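The next block holds one structure in the form of structure tokens; read it before the comments.
None of the figures in this text is laboratory data; all of them are computed from the coordinates on show. Note that the coordinates shown come from a computational prediction; the quantities given were computed from them, not determined experimentally.
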Amino acid sequence: MVAPIDGALQVQNNLREIYVNGSQATTLINLGAPSIVQVQGGIYNYTSTVAATPSGALYTATYDPPITEYIDGMIVSFQSPITNIGPSEFNAGAGAYIIYGLSYANLQGNELANGAHIVLQWKAGSSNWLLIAGGYSLQVGHAMYSYQAPQWGQILAGNNAMWYNMTSTRALSTTYTNSYGKPISVVAIVSNDTADTWFDGYVNGNQLFAAQVPYANNQVCVPLTVPNGETYEVINAGGGTATLVYWWELY
């Protein structure tokens, strides 16, 4: 037995005794198995399953002894039966809750590897699980300083971006806001029935591009790069009748 420390509570193998100033203050007591805060170790067995839900995958681990309450900071682990392909939840016995990555965002896929031992921590304030170990796709927070990796969402054309034809939902001389959560590229193809007219492109009210129509009914291109949250518009800066031919956005 380890020598007692003055004023310390000794807990070993579910046995407890209290020493005060080097003297035994209580007799040896058998605490039994923990019932609220479960400490997962060699004597805590479990089985894990997974099921599909409308919001993603639900991983469930059935522990023995069972977990009946989640306590802030408690850590549990389980073996993932399949690899996740997107947002996921976990139920350790006291209800299913969303799993967040280290950047406090929904899982995107491949974080919970098939056969890997996943380690989660309960966050009582936000009522969610935080993935702290066990995956092979590490979620990185938004880069703010040097030596940090940017997320795809912080990169123009990142995260498998594609060009989308937005012609039917866009109009000239109308202000739009980039609410995609990342930078986007905009390309407007325009024409005017009058020669020597102009089209201007604006981002956040600042003119960043001007395109001249040298001949009547010629088509010109107005390209813009729009940071997340900023406004953008293309206006007919001259006379004549302007036509929006195409409007494309890369996001």
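Brief remarks on what is shown
- Considering only alpha-carbon pairs that sit under 8 angstrom and 6 or more positions apart, the relative contact order computed for segment 45-133 is 29 percent.
- Backbone geometry of segment 186-203 corresponds, through the Karplus equation with coefficients 6.51, -1.76 and 1.60 at θ = phi - 60°, to 3J(HN,Hα) couplings of 10, 10, 10, 9, 10, 8, 9, 7, 10, 6, 6, 10, 10, 10, 10, x, 10, 10 Hz, x marking Gly and Pro.
- For segment 77-122 versus segment 209-233, the gap between their alpha-carbon centres in whole angstrom: 45 Å
- With all pairs of separate Cα atoms included, segment 163-250 yields a Kirkwood hydrodynamic radius of 12.8 Å.
- Relative intensity of segment 45-133 on a log10 scale, I(q)/I(0) at q = 0.20, 0.21, 0.23 Å⁻¹, equals -0.88, -0.98, -1.20, per a Debye sum over C-alpha point scatterers of equal strength in the absence of solvent.
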